[in-house]
1. Any lysines with Cα under 26 Å of the residue 279 Cα? List them, leaving off those in the same chain fewer than 8 positions away.
2. Restricting things to alpha carbons, find the Rg to Rh ratio for segment 313-378 using the Kirkwood radius for Rh.
3. If packing is taken as the average number of other Cβ atoms within 10 Å across a peptide's residues, how do 215-224, 405-414, 340-349 rank, most packed first?
4. Taking θ as phi - 60°, what are the ³J(HN,Hα) couplings along segment 310-326 by the Karplus curve (6.51, -1.76, 1.60), each to the nearest whole Hz, with x for Gly and Pro?
5. So what's the projected area for segment 168-326, the Cα convex hull averaged over all directions, in nm²?
6. Using every alpha carbon pair in the chain, what percent of pairs falls into each 20 Å bin from 0 up to the bin containing the largest distance?
7. Pairs of Cα atoms under 8 Å, at least six residues apart: use those to get the relative contact order of the chain, whole percent.
8. Based on alpha-carbon centroids, what's the gap between segment 95-121 and segment 1-28 in Å, whole number please?
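The values are calculated or read from the model by the stated rules, or taken from the named source; none is laboratory data. Remember, it's a predicted structure, so these values are computed and weren't measured experimentally. Heads up, the Cβs are rebuilt from the backbone with ideal geometry, glycines too, and the neighbour counts pull from every protein chain shown. The area values use the complete protein model at the heavy-atom level, side chains included, leaving out ligands, DNA and RNA. Shrake-Rupley method; radii C 1.70, N 1.55, O 1.52, S 1.80 Å.
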Amino acid sequence: MIVIENVTVATVDADGTEHTDGHVVVGDDGRIAAVGAGGAGARPGSPRRIDGTGCLLTPGLVNTHHHLYQWVTRGLAQDDNLFGWLTTLYPIWGRIDAEAVGAAAGAGLGWLALSGCTTSMDHHYVFPHDGGDVLAAEIEAAARIGLRFHPTRGSMDLGRSSGGLPPDNVVEETDAALAATEAAIDRWHDPSPGSMLRIGVSPCSPFSVTRELMSEAAALARRKGVRLHTHLAETDDEEEFCRSRFGCSPVEYAEQLGWLGEDVWLAHGVHLDDAAVAKLGATGTGVAHCPSSNARLGAGLARVRDLLDAGAPVGLGVDGSASQEAAHLGEELRQALYVARLRGGPTALSARESLRLGTMGGARCLGRADDLGSIEVGKLADLVLWRLDGLGHDGIDDKVAALVLGPAAPVELALVGGRPVVEHGHLVNADAHALTLRARRAHRRLLDGF
């Protein structure tokens with residue numbers, strides 16, 4: 001049992017309940033046993049008691065879009081738009097293997113944990129023919145760091161010779177991609193309550209995947225009872241591609257293929273007209289909002305306020321670290337607020353709404369709202385204790401505003417199912433320096449000759 005007290009608690013429950021001097025009790029089962037105002041009082045046994053003075057306790061952040069392998073290709077194609085960036089990087093990504101992916105995932109997930117993330121998805125869609133078991137490599141990395149993990153088995157079958165964007169050596173045959181996706185679900189997916197590992201189905205994007213693979217992947221996911229994810233409506237180029245090739249907008253194309261619904265969440269959703277926003281809201285289709293990546297690539301400002309008002313689930317994502325080198329999920333809270341206000345003015349998104357995007361919004365996108373995303377009795381104890389009494393935050397009396405508007409806050413403690421994964425700003429289960437060295441070696445090996 002763990003007792004955290006003398007702490008400001010932002011529960012992010014449906015009522016937005018907060019306690020300026022509160023407590024949370026984590027039971028031996030890794031779930032929240034109590035939350036409320038004041039002290040926790042006497043508890044049976046000998047619980048670990050943590051003094052949260054000067055801190056804010058929130059649900060753990062949920063990362064809804066990432067490409068972990070990109071950690072070892074950061075800093076490249078710095079001034080390109082999406083299509084130019086992809087064209088530059090695909091030849092390098094065609095050289096990745098299980099060692100490189102394992103190194104990248106260890107570094108990326110370790111950094112996410114230090115940024116307040118307790119649950120992350122990953123969208124992996126590059127499977128070089130001689131690269132080994134790259135999906136297993138990142139799953140092993142997540143287990144080592146201790147994060148809850150929702151990797152999605154991606155795919156591409158529309159190479160450059162057939163009118164797609166990726167080079168032919170990184171695409172798969174349609175049937176082979178579907179078979180490998182089903183095998184990954186059968187091998188790894190754990191649907192049980194409290195699961196640490198769930199698999200999703202995620203063809204890459206309309207400009208790298210055939211109509212057949214998109215529709216068959218949706219059918220496969222629904223037959224296996226898992227979630228669907230893909231990139232959609234990220235750039236103007238994609239809009240033009242869909243209209244010229246399919247005669248419709250990206251969202252209309254997705255609808256034709258069965259890719260809208262409560263079991264689907266889409267990455268980016270930047271370029272949406274009013275009809276598309278309404279359609280996503282009406283169908284309960286989620287959106288992974290990646291403000292820093294969209295800014296880095298100059299993709300545009302997502303209509304987050306409009307999506308929320310339409311009823312669409314919206315979570316936050318850091319996106320791949322080659323398009324968003326900071327990859328700090330805690331900082332995306334501020335970036336999301338800034339982007340919303342650039343588009344809609346100073347009332348477009350509040351600090352508390354931004355925190356909700358990073359917690360409950362993400363849990364909804366991943367289908368985990370019953371277990372994650374808020375601090376409520378019976379939910380999994382995925383919690384982050386943010387230290388907000390240092391120079392960078394002191395004097396911002398509203399601690400939620402301090403977290404969202406202030407500089408990146410140090411993580412004093414991060415729990416996943418009641419188990420510490422970060423303490424006093426350090427990883428519990430891995431050595432950050434060792435992760436750095438391994439990722440550095442993989443980076444140098446991939447870039448030799450480029």
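1. Cα-Cα hits under 26 Å: 224.
2. Dividing the radius of gyration by the Kirkwood radius yields 1.02.
3. Highest to lowest by the protection proxy: 405-414, 215-224, 340-349.
4. With coefficients 6.51, -1.76 and 1.60, one gets 7, x, 6, x, 10, x, 10, x, 7, 6, x, 6, 7, 10, 6, 4, 5 Hz.
5. Working: hull surface 40.3 nm².
The orientation-averaged projected area of the Cα hull of segment 168-326 comes to 10.1 nm².
6. 27, 59, 14, 0
7. Working: 1082 pairs, mean separation 93.1, N = 450.
So the answer I get is 21 percent.
8. Rounded to whole Å, the Cα centres lie 29 Å apart.
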